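Below is one structure, written out as structure tokens, with a few remarks after it.
The values are calculated or read from the model by the stated rules, or taken from the named source; none is laboratory data. Owing to the predicted nature of the structure, the values given are computational and were not obtained by experimental measurement. Positions of Cβ are backbone-derived with ideal geometry, glycine not excepted, and every protein chain shown enters the neighbour counts.
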Amino acid sequence: MSVTQTSTTLRVVVYCRVSILDKGQDVENQLRELRQFVPHKTAEGWRLVGEYIDQASGKSANRPEFQRLFRGAAERRSDLLLFWALDQFSREGVVETLQHLERLKANGVQWRSFKEEFLRSIGRFSDAVLAISGVHHQAGSGSVRLNG
């Protein structure tokens, strides 16, 4: 489904995560901005239909709301996932993160990073940008961890 289609409603869900290890983080900051962003896209058919919020480390996929997000994707409950930033979505590593994003696309759910405007599954160069970003993160960290 294309985001530019205005005749169809695009069911949007947001995913927010803060680490339980960093007590200075507040999920409300992410939620507020994501909730404010979606109405700006109503001309493109966006409608907020759900939120998934985890307070857990991103180094494991074993997060309750993360798992519920993928169950919802498998049941086709949404068309687009909007997350704060890629490292808030997952810090498991490049391969694992790419697999999660591909799993969403396989279930018909597009995805988009709010803070990294160029990171999205929508558009001609989405796969290339994600691959380059993954290589950049690998080189920057000296490992296969994404910002980890």
Index of the failed condition, Gly108 passing every other in (1) crowded, with 20+ Cβ neighbours inside 10 Å; (2) touching a residue at least 60 places away in the same chain (Cβ under 8 Å); (3) of a type in the set (Gly, Ala, Ser): (1)
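Kindly indicate the residue of the range 58-69 that is under 19 Å from Val94 (Cα atoms) and either under 13 Å from the mean Cα position of the chain (by Cα) or without any contact (Cβ under 8 Å) to a residue 40 or more places away in the chain (or both) and also surrounded by the most Cβ atoms within 10 Å (Cβ to Cβ) among those meeting that condition.
So the first thing to find is which residues in the range 58-69 are under 19 Å from Val94 (Cα atoms), and the list is 58-63, 66-67.
Okay, now just the ones that are also either under 13 Å from the mean Cα position of the chain (by Cα) or without any contact (Cβ under 8 Å) to a residue 40 or more places away in the chain (or both), so 58, 60-62, 66-67.
Values: Gly58: 22, Ser60: 12, Ala61: 14, Asn62: 9, Phe66: 19, Gln67: 13.
Top of the filtered list is Gly58.
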Single residue of the range 32-57 satisfying the filter (in contact (Cβ under 8 Å) with a residue 60 or more places away in the chain and surrounded by 16 or more Cβ atoms within 10 Å (Cβ to Cβ)) that is farthest from the chain's Cα centre (by Cα): Phe37
All helices (runs of 4 or more DSSP H) inside the range 45-148 with 1 or more residues being at pLDDT 90 or above and over 18 Å from Arg17 (Cβ atoms): 64-74, 94-106
Matching residues in the range 70-104 - criterion: being touching a strand residue (DSSP E or B) at 6+ places or on another chain (Cβ under 8 Å), among the aliphatic types (A, V, I, L, M) and surrounded by 15 or more Cβ atoms within 10 Å (Cβ to Cβ): Ala73, Leu80, Leu81, Leu82, Leu86, Leu101, Leu104
